[in-house]
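Asker: I have a structure I would like to understand better, so I am pasting it below and will then ask my questions one at a time.
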Amino acid sequence: MVTTLSTPRDGLPALCTTPSQLRKAERTLAKGTGAIAVDTERAGGIRYNDRAFLLQLRRAGSGTVLIDPEPHREVVGPALEPALSQTTWVLHDAATDLPSLYALGLYPADIFDTAVAAKLLNITPYRLPELSAALIGYTMHKSHGGEDWSRRPLPKAWRNYAALDVEVLLELAQACQKRLDAAGKSQWAKEEFEFIQHKATPLAPPRWEDSKAANSVSKPQELAVIRALWHHRDALAMAMDVAPHRLLPDKAMVAIATKRPRSVSQLMRLSAFPRDLRGHAGEWLNVAQAGIAAQPWPKRPRRQSTISASAWKKRDPSGFERLLAAETALEQVQADINVEADTLMSRRTLRKVCWACIHQGEELEQALDQTLLRPWQREQAQPVFRAAGLC
């Protein structure tokens, strides 16, 4: 029998917004025991960056605490650090939450990721409501995930939704750990958790070179236009605290760079240029033209790439057969060890390793060093590499 939670079992906690309330929340958490369930709500598609606008924390003996970091963002880290820094955090899909938590100056002793545990156990779907229902008999209503979490005041229904995200997370982690132990996968999980924890970084300033628009053009003069438009858009977005794509979509930047309009009327005729920006068309045209005038024009950085499957098959049929043998072996090994697809290794990673060994003459260990595969993955993937004749 599955119980659906519509409200927190202990009632909806108050929202902590002031420095004194933050310090009281830390003392409350410090009185608890064991790991702390942690979640965030962000507004990256609406605001300039993906910072946290709500923190949800829960610990045995402490209950749930809701934190609004926005009014006193610089205080949150120092206020909560004593309770959080020496403790295991339990998260669901930690890679999405950790950057915003690190940006607040909050770092865990270590983590447990229930979504990653589910993938290692090949339990699907691994969304929090379904996973909780399958393992501990609880699920929850999830109806406010796409809200603008920067809105203030936060509606009570939204806070209720957010509190439920950590309501059963500690119990779920215990159930996952038991299954990992029984399956002999606890070490695998430990390596995955450490990798996620140390790979995550605080919210980094974006770079124009990494934008979708920059990767959609190739000519130097097109890149020059993208660079100018991106920097202008970024400065405006930062000042307005708005997601950059809401000011000028990437597809509009690409259209301007490739079509090179010479007048406002030509710019406004571009189908990708938003109608609601027509009053600012002259501004964006001037920015694009200034980009062309700025010398030197940037060049697309040369990126190491792997040949496509079709080109590989045509160029080297025998080598391609070795890749196919490795891909077949990968499917079999993942089935044998019972992990979700791509958890052991993605096909893209496998192709890179095979290409490096077969066509670039690298030793297998040398090729593997260019990947981010963890020790457990390297060990379990040995049959895959043998199938390709790499070892």
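Asker: Within the stretch 134-175, which residues are touching a strand residue (DSSP E or B) at 6+ places or on another chain (Cβ under 8 Å) and of a type in the set (Lys, Arg)?
Answerer: Matches in the stretch 134-175: Arg159 only.
Asker: Need pairs with beta-carbon distance below 8 Å; first residue more than 25 Å from Glu171 (Cβ to Cβ) and within the stretch 92-108, second among the β-branched types (Val, Ile, Thr); sequence gap 6+ or separate chains.
Answerer: Hits for this filter: Pro99/Thr201; Tyr102/Thr201; Leu104/Val76; Gly105/Val76.
Asker: Follow-up question, since we're still on this one. Could you list all residues from the stretch 217-239 that are within 14 Å of Asn49 (Cβ to Cβ), touching a residue at least 12 places away in the same chain (Cβ under 8 Å) and surrounded by fewer than 19 Cβ atoms within 10 Å (Cβ to Cβ)?
Answerer: Residues satisfying the conditions are Asp234, Met238.
Asker: For the stretch 44-66, give me the residue count where each residue is over 12 Å from Ser150 (Cβ atoms), surrounded by fewer than 22 Cβ atoms within 10 Å (Cβ to Cβ) and aliphatic (A, V, I, L, M).
Answerer: 1
Asker: Please name all residue pairs, on different chains or six or more residues apart, with Cβ atoms under 9 Å, provided the first residue is in the stretch 273-290 and is over 15 Å from Arg227 (Cα atoms) and of a type in the set (Asp, Glu) and the second residue is part of a helix (DSSP H, G or I) and at pLDDT 95 or above.
Answerer: From the stretch 273-290, the pairs are Glu283/His232.
Asker: Related question: Which ones in the stretch 284-311 are farther than 27 Å from Met268 by Cα and modelled with pLDDT of 85 or more?
Answerer: Within the stretch 284-311, Pro296, Lys299, Ser310, Ala311 qualify.
Asker: Tell me, please, whether a residue that is part of a loop (DSSP other than H, G, I, E, B) and hydrophobic (A, V, I, L, M, F, W, C) can be found in the stretch 52-70.
Answerer: Checking the stretch 52-70: not a single residue is part of a loop (DSSP other than H, G, I, E, B) and hydrophobic (A, V, I, L, M, F, W, C).
Asker: Can you find, within the stretch 94-136, the residue that is nearest to Glu26 (Cα to Cα) among those that are touching a Lys or Arg at 6+ places or on another chain (Cβ under 9 Å) and hydroxyl-bearing (Ser, Thr, Tyr)?
Answerer: Ser100
Asker: Take Leu170 and decide whether it is surrounded by 18 or more Cβ atoms within 10 Å (Cβ to Cβ), in a loop (DSSP other than H, G, I, E, B) and out of contact with any His (no Cβ under 9 Å at 6 or more places or on another chain).
Answerer: No, not satisfied.
Asker: Counting residues that are in the same structural domain as Arg47 (by TED's automatic domain parsing) and surrounded by fewer than 16 Cβ atoms within 10 Å (Cβ to Cβ), which helices (runs of 4 or more DSSP H) fully inside the stretch 72-161 reach at least 3?
Answerer: Filter on the stretch 72-161 gives 73-84.
Asker: Sticking with this one: Please go through the stretch 301-343 and give me each residue that is closer than 23 Å to Glu191 by Cβ, in contact with a Leu (Cβ under 9 Å, 6 or more places away or on another chain) and without any contact (Cβ under 8 Å) to a residue 40 or more places away in the chain, ordered by number.
Answerer: Hit for the stretch 301-343 is Gln334, nothing else.
Asker: Out of the residues in the stretch 8-43 meeting the condition of being among the hydroxyl-bearing types (Ser, Thr, Tyr) and within 16 Å of Leu154 (Cα to Cα), tell me which one is surrounded by the most Cβ atoms within 10 Å (Cβ to Cβ).
Answerer: My answer is Thr40.
Asker: Among the listed residues Lys190, Lys185, identify the single one that is assigned by TED's automatic domain parsing to the domain that holds Arg42, surrounded by fewer than 16 Cβ atoms within 10 Å (Cβ to Cβ), out of contact with any Asp or Glu (no Cβ under 7 Å at 6 or more places or on another chain) and among the basic types (Lys, Arg).
Answerer: After applying the criteria, what remains is Lys190.
Asker: Does the stretch 269-279 hold any residues that are within 18 Å of Asp250 (Cα to Cα) and more than 35 Å from the chain's Cα centre (by Cα), and which are they?
Answerer: Arg269
Asker: When residues of the stretch 350-391 are filtered for being among the charged types (D, E, K, R) and over 21 Å from Ala335 (Cβ atoms), how many remain?
Answerer: Residues that pass the stated criteria total 5.
Asker: I've got another one for you. Can you run down the residue pairs with Cβ atoms below 6 Å, 6 or more apart or on separate chains, where the first is in the stretch 39-66 and assigned by TED's automatic domain parsing to the domain that holds Pro13 and at pLDDT below 95 and the partner is surrounded by fewer than 23 Cβ atoms within 10 Å (Cβ to Cβ) and aliphatic (A, V, I, L, M)?
Answerer: Gly45/Ala243
The values are calculated or read from the model by the stated rules, or taken from the named source; none is laboratory data. This is a predicted model, so every value here is computed, not measured. Note that each Cβ is placed from the backbone with ideal geometry, even for glycine, and that neighbours are counted across all protein chains shown.
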